[in-house]
Amino acid sequence: GKFEMAALEAASSALLDVRRFAWDLSLFTTAEFGFVVLPSRYTTGSSIMPQKRNPDVIELLRASYSIVTAARGEIEQLLSLPSGYHRDLQFTKAPLVRGLGHALRALALLPDLMREMQWFDDALASALEPSMYATDHAIDLARQGLPFREAYRRAADPAAWTGGDPLQAIVARVSPGAAGNPQIDRLRERLAPLLQGLESMYPAA
């Protein structure tokens, strides 16, 4: 039971990020934002509005975390047992297979979705407003030697918010995993042994 729970915990951790991503997409595709258009094969038609495309796949992706977490909870409840093996544990298999299967199917949808989305740079740029650069300005002042308390105070002045550059703001974020330093190659290196192990355990038919 504990190994099954650990496997589902790993899957739900990945789907927690997917849920947030799906939430963002469900908002950013609305007319109020208009940042992105989903691939047509990831949407369905409306039952009454012929011009409307519903982001059904995105909404189902958003729900996937709950499905896998529920499967983990089902196993956890079964483990309220004394030491030793008990026949109750045979019921851990169904939620494990169901939860992992759901997680893998959900994750398999992401690569094509991310490749085929159409982003609108003009809409994204128009959503930026000067106050978003206040923190960047405070950090720049601190980098120049000003104590951060004073930098924070100066950056709170709206007059200091002019001249922000969104691309420069992204490039400046260089901590590991940040937008300016995602370290994708390092992630690939860390995942390579795991993927090789999985391929050796489950060779393609």
Practice task
Could you check residue 154 against (1) surrounded by 13 or more Cβ atoms within 10 Å (Cβ to Cβ); (2) at pLDDT 90 or above; (3) not in a helix (DSSP H, G or I) and say which number it fails?
Solution key: (3)
Exercise for the section: Within the stretch 31-44, identify whether any single residue is free of Cβ contacts under 8 Å to residues at least 40 places away in the same chain, over 20 Å from residue 118 (Cα atoms), of a type in the set (Val, Ile, Thr) and not in a helix (DSSP H, G or I), and answer yes or no. Expected result: no
Exercise for the section: Take the stretch 157-190 and flag every residue that is over 25 Å from residue 121 (Cβ atoms) and in a helix (DSSP H, G or I). Expected result: 158, 159, 160, 185, 186, 187, 188, 189, 190
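Does at least one position in the stretch 4-18 carry a residue that is out of contact with any strand residue (DSSP E or B) (no Cβ under 6 Å at 6 or more places or on another chain) and polar (S, T, N, Q)?
Applying the first criterion (out of contact with any strand residue (DSSP E or B) (no Cβ under 6 Å at 6 or more places or on another chain)) to the stretch 4-18 yields 4-18.
Narrowing further to those that are polar (S, T, N, Q): 12-13.
Within the stretch 4-18, one or more residues are out of contact with any strand residue (DSSP E or B) (no Cβ under 6 Å at 6 or more places or on another chain) and polar (S, T, N, Q).
So which of 85, 65 ends up being among the aromatic types (Phe, Trp, Tyr) and either in a loop (DSSP other than H, G, I, E, B) or touching a residue at least 60 places away in the same chain (Cβ under 8 Å) (or both)?
Numbers: 65 fails: either in a loop (DSSP other than H, G, I, E, B) or touching a residue at least 60 places away in the same chain (Cβ under 8 Å) (or both).
Just a single option satisfies the conditions, and that option is 85.
Could you list, in sequence order, all residues of the stretch 77-111 that are crowded, with 16+ Cβ neighbours inside 10 Å and of a type in the set (Val, Ile, Thr)?
Step one: filter the stretch 77-111 for residues crowded, with 16+ Cβ neighbours inside 10 Å, giving 78, 92, 95-96, 98-100, 102-103, 106, 109.
Hit for the stretch 77-111 is 92, nothing else.
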Handout entry: Filter result (surrounded by fewer than 10 Cβ atoms within 10 Å (Cβ to Cβ) and modelled with pLDDT of 85 or more) within the stretch 191-205
Key = 193
Completion exercise
Exactly one of 48, 58 is surrounded by 17 or more Cβ atoms within 10 Å (Cβ to Cβ) and at pLDDT 85 or above, and that residue is 58
Practice task
From 172, 178, 160, grab the single residue that is out of contact with any Phe, Trp or Tyr (no Cβ under 6 Å at 6 or more places or on another chain), surrounded by 12 or more Cβ atoms within 10 Å (Cβ to Cβ) and closer than 21 Å to residue 21 by Cα.
Solution key: 178
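Could we say that residue 18 is of a type in the set (Val, Ile, Thr), at pLDDT 95 or above and either assigned to a helix (DSSP H, G or I) or surrounded by fewer than 19 Cβ atoms within 10 Å (Cβ to Cβ) (or both) here?
Values: of a type in the set (Val, Ile, Thr): yes; at pLDDT 95 or above: yes; either assigned to a helix (DSSP H, G or I) or surrounded by fewer than 19 Cβ atoms within 10 Å (Cβ to Cβ) (or both): yes.
So residue 18 passes the test.
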Practice task
Pull up the stretch 112-125, narrow it to residues that are in contact with a Leu (Cβ under 9 Å, 6 or more places away or on another chain) and surrounded by 14 or more Cβ atoms within 10 Å (Cβ to Cβ), then point me to the one that is nearest to residue 59 (Cα to Cα).
Solution key: 113
Fill in the blank from the handout: Conditions (1) under 15 Å from residue 1 (Cα atoms); (2) small (Gly, Ala, Ser); (3) buried (at least 16 other Cβ atoms within 10 Å of the Cβ) -> residue 64 fails only (1)
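The values are calculated or read from the model by the stated rules, or taken from the named source; none is laboratory data. Quick caveat: nothing in here was measured; it's all calculated off a predicted structure. Quick reminder, even Gly has a Cβ in these numbers, built from the backbone with ideal geometry, and neighbours come from all protein chains shown.
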